[in-house]
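Everything below concerns the one structure shown next.
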Amino acid sequence: MPARIINNTGTINGSKEHTFVEFILVGGGNTNHGGQVIKNYGRIKSKTIVNIMIGAGNIKGCQSTITWSASDNTDAQITSDYGFEYLKDSIWHNDTIIAKGGEETLLIDNLTGEEVRYGDNVNRPGTCAIKMLATDYTNTLVTGNPEVKTDGDYKILVWNQPGTIQAP
């Protein structure tokens with residue numbers, strides 16, 4: 001992943017409005033092909049819970065997804081129609097991100113419209129990696145026991161099973 005992430009400048013009530021991240025989502029592989037790989041920039045609304053589902057690696061291969069939901073912390077929640085957004089054509093979009101399971105070696109990426117090669121996870125489950133500034137990670141609530149790696153000023157969280165990340 002590139003080491004550069006757009007830094008956040010907006011604040012609400014003394015906390016950040018968004019946490020800016022990069023992500024890679026890989027669908028589950030099947031016996032012949034790995035899962036689709038989607039790589040993009042994203043931003044997480046403060047206090048939003050981002051749900052990460054990991055596709056199984058099996059005969060068919062299963063999709064992996066990133067969705068989001070509002071926090072149940074109503075005191076801190078700012079009502080909004082967006083939670084986790086990805087960048088497409090310089091516009092932020094908030095629909096579900098889906099990386100398809102292993103079906104064929106090339107597929108149109110559902111974010112960029114370009115053909116992408118599948119990952120190297122033939123017959124193995126998908127993964128999701130989210131890269132964020134270490135200072136943002138400090139107050140982030142995480143489930144699913146992702147592997148946490150350090151890359152300079154950044155933390156990279158890698159999920160191999162379902163989990164969540166809630167922005168500070």
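Below, the figures for the structure above:
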| read-out | value |
| --- | --- |
| Highest average packing first - 124-136, 147-159, 25-37, 44-56, Cβ atoms within 10 Å | 25-37, 44-56, 124-136, 147-159 |
| P(r) histogram, all alpha-carbon pairs of the stretch 84-168 included - 5 Å bins from 0, percent | 3, 12, 17, 20, 21, 18, 8, 2 |
| Long-range HN-HN contacts of residue 141 with modeled amide H, under 5 Å | 166 |
| Rounded accessible area of residue 24 (nearest 10 Å², 1.4 Å probe) | 40 Å² |
| Subset of 60/155; 60/149; 39/100; 39/131; 88/149; 47/155 violating a 23 Å alpha-carbon distance limit | 60/155; 60/149; 88/149 |
| Share of carbon and sulfur in the accessible heavy-atom surface of the stretch 82-168 [1.4 Å probe, %] | 46 percent |
| Accessible surface, per residue, of the stretch 27-70 when the full set of protein chains is kept, probe 1.4 Å, Å² | 38 Å² |
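The values are calculated or read from the model by the stated rules, or taken from the named source; none is laboratory data. Model, not experiment: these values are computed from the prediction. When we count neighbours, we look across all protein chains shown, and the Cβ atoms used for this are built from the backbone with ideal geometry, even at glycine. Surface areas here come from the heavy atoms of the whole protein model, side chains and all, with no ligands, DNA or RNA. Shrake-Rupley method; radii C 1.70, N 1.55, O 1.52, S 1.80 Å.
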